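Single-structure report; data block below.
Read-outs: derived from the displayed coordinates by stated rules, not from any lab. Here the structure is a predicted model, which means the values were calculated and not measured. Glycine also receives a Cβ, built like all others from the backbone with ideal geometry; neighbour counts cover every protein chain displayed.
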Amino acid sequence: MNTDRLPLEIQALSPLQRFALLLVSSVITGGYRLLRGNRVWFGPGVIANHRLVIRGPGRVIVGAHADLFAFGGRTCLVARTPQARIIIGENARLNGPLLQADTLIEVGRDCILGQAHILDTEMHSVALDRRTNPEAPVRSAPVILEPNVWVARGAAILPGVRVGEGSVIGYGSVVTSDVPPRAVVAGNPARVIRSLE
């Protein structure tokens, strides 16, 4: 394997450590291919460990050279409905986030996600009759992270949000509306703190 395409932290490993990590990754991704069939697709060079969890009847697509190796918690990709899709772009780095999709969550190439929560559904109705009406509407809308977005630990990105290219979502932020490109946002609800020019 061409080690130039591996993430920098993987390139820094000794040849034996790198071999072991790539072996574990191939076992993990191969296992998910066997279990999920065409509901999962991994591009070449994907890195993963035993902390990767893929669930649900929907489809998960992971781009080439994505790094899903979690150090702390688990990297959880939950495609909750048959039509749900979770798409992880090339060279993305996911270290323990929880993604829950009813429709679509798309993580662009070169994104970095810490232990954040990204969901494209409110999961429960906020209608006044929600306790007595099983048909009460539940809002669901795609979430898109454009390329090179960094989402820090503890952040939450809610349904219908688009995060612009090169933006940073600060620690513990709750993102309820679109984020412009090259912006740093923080707070609850998240607001632009400064731009990255």
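Scan the stretch 10-43 for residues that are in a helix (DSSP H, G or I) and among the small types (G, A, S) and jot them down. Correct list: A20, S25, S26, G30, G31, G37.
Starting from residues that are part of a strand (DSSP E or B) and free of Cβ contacts under 8 Å to residues at least 40 places away in the same chain, keep the ones in the stretch 108-131 and report whichever is surrounded by the fewest Cβ atoms within 10 Å (Cβ to Cβ). Among residues in the stretch 108-131 that are part of a strand (DSSP E or B) and free of Cβ contacts under 8 Å to residues at least 40 places away in the same chain, the one surrounded by the fewest Cβ atoms within 10 Å (Cβ to Cβ) is I112.
Looking across the stretch 73-107 at every residue that is among the hydrophobic types (A, V, I, L, M, F, W, C) and farther than 18 Å from G43 by Cβ, the one that is surrounded by the most Cβ atoms within 10 Å (Cβ to Cβ) is identified as A101. Of the residues making up the stretch 132-155, just one is hydroxyl-bearing (S, T, Y) and surrounded by fewer than 17 Cβ atoms within 10 Å (Cβ to Cβ), namely T132. May I ask you to list the residues in the stretch 47-58 that are farther than 19 Å from G73 by Cβ and buried (at least 20 other Cβ atoms within 10 Å of the Cβ)? Passing the criteria: only G58. If only residues of the stretch 141-179 that are assigned to a loop (DSSP other than H, G, I, E, B) and charged (D, E, K, R) are counted, the one that is nearest to T121 (Cα to Cα) is D178. Only residues that are assigned to a loop (DSSP other than H, G, I, E, B) and farther than 15 Å from D120 by Cα were counted across the stretch 44-96, and they come to 25. Here E197 does not fit the description of being within 14 Å of the chain's Cα centre (by Cα) and at negative phi.
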